[in-house]
Amino acid sequence: MSDNFFTPTNCQQAIGKTFYSNWVLIDQQRITDFGRVTDDPDPHHIDPEWAAQNSPWGNKTISFGWLTASMLSSMLYEIMHFPLDGDAQKDGYPVNYGFNRMRFVEPVVVDSRIRVRTTLVDVTERKPGQLQLTSDLVVEIEGVERPALVAEYLSLWIKGTNQST
């Protein structure tokens, strides 16, 4: 097993191991674009002038909590190296299954960098051709002691076609 990622074929050996994504910059353009596509005009996020006068977080805008959560997909992709370009029948494919718990702990101030630290806790076969992976996730903010987000995350690796969760 590589020390950097895990796949359905080596995930049992990854239980108890911790993996890290690369750092990702959360800049104002990303925050503003997220607000635009989600129809959320909250000035705490998209209006630097308003935030400079009113924000309790260093007079700067902050990331939407859901933007921070949405970044999990790309950060986890780095760790779980999905075989999306391969044979789904042979290799399977990943599916988000949900969270047992998730908390937004600390706001992500504009121009901060975040990464996910994940520890695989359990792998169980839900039914033939379906593995459920349970992971503890922590979204770290570079240079900040408290995390942005903590969660217990569930994902499925599904082999074959016409599988329902």
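The values are calculated or read from the model by the stated rules, or taken from the named source; none is laboratory data. Fair warning: this is a prediction, and the values are worked out from it, not measured in the lab. Please note: Cβ atoms are built from the backbone with ideal geometry, for glycine as well, and neighbour counts cover all protein chains shown.
The table that follows gives values for the structure above.
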| read-out | value |
| --- | --- |
| Residue list for segment 104-155, filter: basic (K, R), under 20 Å from W23 (Cα atoms) and without any contact (Cβ under 8 Å) to a residue 60 or more places away in the chain | R146 |
| Which numbered condition G92 fails, given (1) modelled with pLDDT of 95 or more; (2) crowded, with 17+ Cβ neighbours inside 10 Å; (3) of a type in the set (G, A, S) | (1) |
| Single residue of segment 105-128 satisfying the filter (assigned to a strand (DSSP E or B) and either aromatic (F, W, Y) or touching a Lys or Arg at 6+ places or on another chain (Cβ under 9 Å) (or both)) that is farthest from S55 (Cα to Cα) | L120 |
| Hits in segment 61-72 - residues which are touching a Phe, Trp or Tyr at 6+ places or on another chain (Cβ under 6 Å) and not in a helix (DSSP H, G or I) | F64 |
| Condition met for R103 (within 28 Å of K60 (Cβ to Cβ) and either aromatic (F, W, Y) or surrounded by 13 or more Cβ atoms within 10 Å (Cβ to Cβ) (or both)) | no |
| Any hit, segment 43-60, residues being under 29 Å from Q13 (Cα atoms) and part of a helix (DSSP H, G or I) | no |
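For every residue, the table says whether it meets (1) surrounded by fewer than 22 Cβ atoms within 10 Å (Cβ to Cβ); (2) of a type outside the set (A, V, I, L, M).
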position: T119; (1), (2): yes, yes
position: D122; (1), (2): yes, yes
position: E125; (1), (2): yes, yes
position: Q132; (1), (2): yes, yes
position: L137; (1), (2): yes, no
position: E140; (1), (2): yes, yes
position: A148; (1), (2): no, no
position: W157; (1), (2): no, yes
